[in-house]
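Written below as structure tokens is the structure these notes are about.
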Amino acid sequence: MARDPLAWLDDELTVLDTEHLRRRLITRAGRQTATIIIDGHELINFGANDYLGLAADPRLEKAAAQAARDEGWGAGASPLVTGHSAAHAELERALAELEGTEAALVFNSGFAANCGTVAALVGAGDGIYADAKNHASLIDGCRLSRAEIHVYRHGDVEYLTELLQQSSRYRRRLIVTDSLFSMDGDLAPLVQLAQLAERHQAMLMVDEAHATGVFGAHGRGGAEHLGVEDAIHIRMGTLSKALGSAGGFVAGRRNLIDWLVNRARSYVFSTAFPPAVAAAATAALKIVRDEPQRRRELLDRAAMVRKKLSEQGWNVGRSASQIIPIYIGQPERTMQLAQTLRDQGLLIPGIRPPSVPPSESLLRISLSSAHTPAMLDKLLAALANCWVAARPV
Ligand SMILES: *Cc1c(COP(=O)(O)O)cnc(C)c1O
């Protein structure tokens, strides 16, 4: 009998099951807010990247509804053909204004922005220097580019210095890093990276996906927070996290943006997102500009939660942000703890391979300015209980 060519799928899924690595979709009912309804249960939501509580903000809805009435729903084509609407242009102008750059360009997602941008900047004969914990979309962009990839240990500036000393053979050099790492919640050593980039005439690209709207006096992200904005040649961010909308962006010099319009394949060969999505993101940028207390409060609370968790005995690593990992280790144990917390009304995702290395599974607490003090108290109380239950005797 002919073998089913897809039979391997069941075998592989079974392997995932036995290794406690199988993932399943969860479907939320209703809105993305500080609480979330899953399977009919209301949970306090520590899983979203909606850091400023804007995903269900009525001002975004209103802006989107208005744009949908004015411009219709679909974008119709890629931006270079007919897809670039007035709402997209307005968003790009607002992004360049926030970032203080000559120009900005929006992509359909942060993932698309990273893949398309890295592959447009370097190619065969070039060298990439990438942090070991960079986001998957940067890694894929590096692979797509066909440049030679040098991965440096997470945050290890000395190692990167050594690598760069042998980089003169390349036509171009690109240093690329997350600014705020999505699982560990720590900041990249951007000051040192900026110095190295200058010394070696390398391009420096920073992915601010988790830091846009959260870090920096104007909410521009980690580079602003660390005072090195002007040294970052390619500033990437997403509209889908703190900005509560969807899409990714790159901000920088005019010639950079003009090049991406011509050469970033994920931009050129993909239909623009709907104008209403752009209008919602523009409304979010206005809130980021006018309500700085949201990000200040969020980071103050995050510092408090990190401190209390450490006092309880949990290992929160080097987190310096609203992303607070609790390192557990084994995937199975991590998922058990996540379930225990869920039974107490808290959604805290367990993170396991392939998102993190095998022995570094963790609970990822993601704070939002929408959480109330009572919600944070509940979080801390539940984790204190887990610690008592988990402590070795
Ligand atoms: C989420 C994320 C992206 C992708 O952004 P999307 O808009 O969700 O596609 C890129 N980089 C980092 C570091 C991220 O965490």
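The values are calculated or read from the model by the stated rules, or taken from the named source; none is laboratory data. Note that the coordinates shown come from a computational prediction; the quantities given were computed from them, not determined experimentally. No Cβ is skipped: glycine too gets one built from the backbone with ideal geometry, and neighbour counts run over all protein chains shown. Calculation scope for accessible area: heavy atoms of the full protein, side chains included, ligands and nucleic acids excluded. Shrake-Rupley method; radii C 1.70, N 1.55, O 1.52, S 1.80 Å.
Below is a table of values for the structure above.
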quantity	calculated
Cβ-placed point charges (K, R +1; D, E -1), dipole of the chain about Cα centre in debye, nearest 20	120
Zone residues, the stretch 89-109, relative to R69, backbone N less than 14 Å from point 7 Å out along Cα-to-Cβ	none
Relative packing of peptides 109-116, 30-37, 189-196 - highest average C-beta neighbours within 10 Å first	109-116, 189-196, 30-37
For the stretch 334-347, Karplus couplings with θ = phi - 60° (6.51, -1.76, 1.60), whole Hz, Gly/Pro x	4, 5, 5, 5, 4, 5, 4, 5, 5, 4, 9, x, 10, 8
Filtered trypsin sites (Lys or Arg not before Pro), the stretch 119-166: DSSP coil and at most 15 other beta carbons within 10 Å	R146, R153
Relative intensity, log₁₀ I(q)/I(0), of the stretch 58-290 from a Debye sum that treats every alpha carbon as a point, q = 0.08, 0.09, 0.17 Å⁻¹	-0.27, -0.34, -1.17
Spacing of the two label points (7 Å from each Cα toward its C-beta) at D39 and T18, in nm	2.5
Beta bridges per DSSP with both ends in the chain, % antiparallel, nearest 5	55
The chain, helix-only ellipticity at 222 nm - DSSP H runs n ≥ 4, -39,500 (n - 2.57), divided by all residues, nearest 500	-13000 deg cm²/dmol
Sequence-distant lysines (8 or more away, or on other chains) whose Cα lies within less than 29 Å of K307	K133, K241, K378
1.4 Å probe accessible area per residue over the chain, in Å²	46
Length gained when the stretch A381-E297 is fully extended (0.36 nm per residue, less Cα-Cα span)	28.2 nm
Potential extension, M304-E162 segment - 0.36 nm per residue separation minus Cα distance	47.4 nm
Distance from the stretch 334-379 to the stretch 95-127 (C-alpha centre basis), Å	31
Alpha-carbon Rg with Dmax, taken over the stretch 256-393, Å	19.5, 63
Highest to lowest packing among 331-342, 212-223, 9-20, scored as the average C-beta count within 10 Å	212-223, 331-342, 9-20
More than 38 Å apart - percent of Cα-Cα pairs taken over the chain	22
Between the stretch 160-213 and the stretch 232-306, the alpha-carbon center distance in angstrom	20
Positive minus negative residues near V176 (Lys, Arg vs Asp, Glu; Cβ under 14 Å)	-2
Highest-first arrangement of 93-100, 296-303, 66-73, where packing means the average Cβ count within 10 Å	93-100, 296-303, 66-73
Accessible surface of the stretch 291-358 [probe 1.4 Å, protein heavy atoms]: carbon and sulfur percent	51
D (Stokes-Einstein, µm²/s), Kirkwood Cα radius, the stretch 1-72, 0.890 mPa s at 25 °C	151
Apportionment of accessible area to carbon and sulfur, the stretch 58-290, percent (1.4 Å)	51
